[in-house]
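One structure is given below, encoded as structure tokens.
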Amino acid sequence: MAAGDETEGRWLEALRVYLGVLAAASLVWEMAHLPLYTIWSTGSWRENAFAVVHCTGGDVLIGLTALATALVLAGTPGWPARSFRTVAGVAIPIGLAYTAFSEWLNVYVRGAWAYSEWMPLLHLGGKAIGLTPLAQWVVVPALAFAAVRRRCGLQDGG
């Protein structure tokens, strides 16, 4: 770490902030869009609560995996002070791509969940994918990365 460079060596703090904000925002998002799935009207309150907690845990794992993959592919030893925007710009599409795949797999192949009539849909490759899970993987990680930027005092570069 160069003398006076307070943003160097803050990867652990950045990781904690990213995962904390990601988990909290994902929990709120999962609760907010639960009515867009059929479990909202067909499941018990316990099944709905389990779905929210389970899906939030999955979101954290997706976010962690997307970040780790982005760090391997595009990170530098000085992250987050260096290559911050590049890593964020790789991590968000990874999370988005996985989510599109997961929605397709779980709705059309496994039948693990279904959309209610209120779910806005995006038609991709002959299949309708829920718009809110896709939007989640743009909005929530962007909030988490913004929180890291603020907390770690990062400038616009990188």
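Points to keep in mind about this one:
- Listed conditions (1) modelled with pLDDT under 95; (2) assigned to a helix (DSSP H, G or I) are all met by residue 157, apart from (2).
- Within region 20-43, being hydroxyl-bearing (Ser, Thr, Tyr), within 25 Å of residue 64 (Cβ to Cβ) and assigned to a helix (DSSP H, G or I) holds for one residue alone: 26.
- Of the residues making up region 69-84, those that are in contact (Cβ under 8 Å) with a residue 24 or more places away in the chain and within 16 Å of the chain's Cα centre (by Cα) are 69, 70.
- Filtered by the rule that a residue be of a type outside the set (Asp, Glu) and either touching a residue at least 24 places away in the same chain (Cβ under 8 Å) or not in a helix (DSSP H, G or I) (or both), region 59-68 gives 60, 62, 63, 64, 65, 66, 67.
Rundown of residues vs (1) modelled with pLDDT of 95 or more; (2) more than 17 Å from residue 151 (Cα to Cα); (3) surrounded by 17 or more Cβ atoms within 10 Å (Cβ to Cβ); (4) of a type in the set (Ser, Thr, Tyr), yes/no style:
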| residue | (1), (2), (3), (4) |
| --- | --- |
| 21 | yes, no, yes, no |
| 31 | yes, yes, no, no |
| 43 | yes, yes, no, no |
| 48 | yes, yes, yes, no |
| 51 | yes, yes, yes, no |
| 57 | yes, yes, no, no |
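- Any chance residue 37 is within 30 Å of residue 125 (Cα to Cα) and surrounded by 14 or more Cβ atoms within 10 Å (Cβ to Cβ): yes
- Total residues in region 111-138 satisfying the condition of being surrounded by 13 or more Cβ atoms within 10 Å (Cβ to Cβ), touching a residue at least 12 places away in the same chain (Cβ under 8 Å) and within 14 Å of residue 96 (Cβ to Cβ): the figure is 10.
- Looking across region 44-65, the residues that are under 13 Å from residue 27 (Cα atoms) and more than 10 Å from the chain's Cα centre (by Cα) come down to 48, 49, 50, 51, 52, 53, 54, 55, 57.
- Among the residues here, residue 95 qualifies as touching a residue at least 12 places away in the same chain (Cβ under 8 Å) and closer than 30 Å to residue 152 by Cα.
- Cβ-Cβ contacts under 8 Å between residues 6 or more apart (or on different chains), taken from a first residue in region 12-24 that is touching a residue at least 24 places away in the same chain (Cβ under 8 Å) and closer than 17 Å to residue 153 by Cα to a second residue that is charged (D, E, K, R) and buried (at least 17 other Cβ atoms within 10 Å of the Cβ), are listed as 13/151; 14/151; 17/151.
- Residue 104 falls short on exactly one of the conditions (1) among the hydrophobic types (A, V, I, L, M, F, W, C); (2) free of Cβ contacts under 8 Å to residues at least 12 places away in the same chain; (3) touching a strand residue (DSSP E or B) at 6+ places or on another chain (Cβ under 8 Å), and that condition is (2).
The values are calculated or read from the model by the stated rules, or taken from the named source; none is laboratory data. Here the structure is a predicted model, which is why all the values come from computation and not from measurement. In this analysis, Cβ positions are derived from the backbone assuming ideal geometry, glycine residues included, and neighbour counts consider all displayed protein chains.
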